[in-house]
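What follows is a short report on a single structure.
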Amino acid sequence: MKRATITMDGSGRVAVPSDIANVWMSEMELVTLFDVIAPTLRAAVRAVYRSGVLQSCEVERRIRLPNGYYLEVYALPMVMAL
């Protein structure tokens, strides 16, 4: 699966890839982007799901890594909701 991420440089400039359909970000990438700790991010994700704005089946995927483990990633709508 080809995926892209949203990044922010040291001066606060946000870089959004042109192919937004392939924006899928892992928890660690989101923690880095928003400069929060993982439990805070997880609580925000749960709050979005509880509110009914997004459904996990729409914005959440698991991709298999070369080492056999799985990585949970979130689509652009979840990134925007956070």
Restricting the search to the stretch 52-71, which residues are out of contact with any Phe, Trp or Tyr (no Cβ under 9 Å at 6 or more places or on another chain) and not in a helix (DSSP H, G or I)? GLY52, VAL53, LEU54, LEU65, PRO66, ASN67, GLY68, TYR69, TYR70, LEU71
Residue set SER11, SER51, SER18, SER56; condition without any contact (Cβ under 8 Å) to a residue 12 or more places away in the chain, of a type in the set (Ser, Thr, Tyr), loosely packed, with under 10 Cβ neighbours inside 10 Å and under 16 Å from MET78 (Cβ atoms); output residue SER51
Determine, yes or no, whether VAL31 is surrounded by 13 or more Cβ atoms within 10 Å (Cβ to Cβ), at pLDDT below 95 and either in contact with a strand residue (DSSP E or B) (Cβ under 6 Å, 6 or more places away or on another chain) or within 19 Å of ASP9 (Cα to Cα) (or both). no
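I'm trying to understand the selection: among the residues of the stretch 1-33, which are in a helix (DSSP H, G or I) and touching a helix residue (DSSP H, G or I) at 6+ places or on another chain (Cβ under 7 Å)?
ILE20, GLU27, LEU30, VAL31
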Taking the conditions exactly as written (loosely packed, with under 13 Cβ neighbours inside 10 Å and aromatic (Phe, Trp, Tyr)), does TYR74 satisfy them or not? no
Working only within the stretch 15-29, note down all residues that are within 17 Å of TYR70 (Cβ to Cβ) and of a type in the set (A, V, I, L, M). MET25, MET28
Starting from residues that are at pLDDT 95 or above, under 24 Å from ILE20 (Cα atoms) and of a type in the set (D, E, K, R), keep the ones in the stretch 35-57 and report whichever is farthest from the chain's Cα centre (by Cα). ARG46
Listed residues TYR74, TYR49; which is part of a helix (DSSP H, G or I) and among the hydroxyl-bearing types (Ser, Thr, Tyr)? TYR49
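The values are calculated or read from the model by the stated rules, or taken from the named source; none is laboratory data. All figures in this text were calculated on a predicted structure; none of them were measured in a lab. We place every Cβ from the backbone using ideal geometry, glycine too, and count neighbours over all the protein chains shown.
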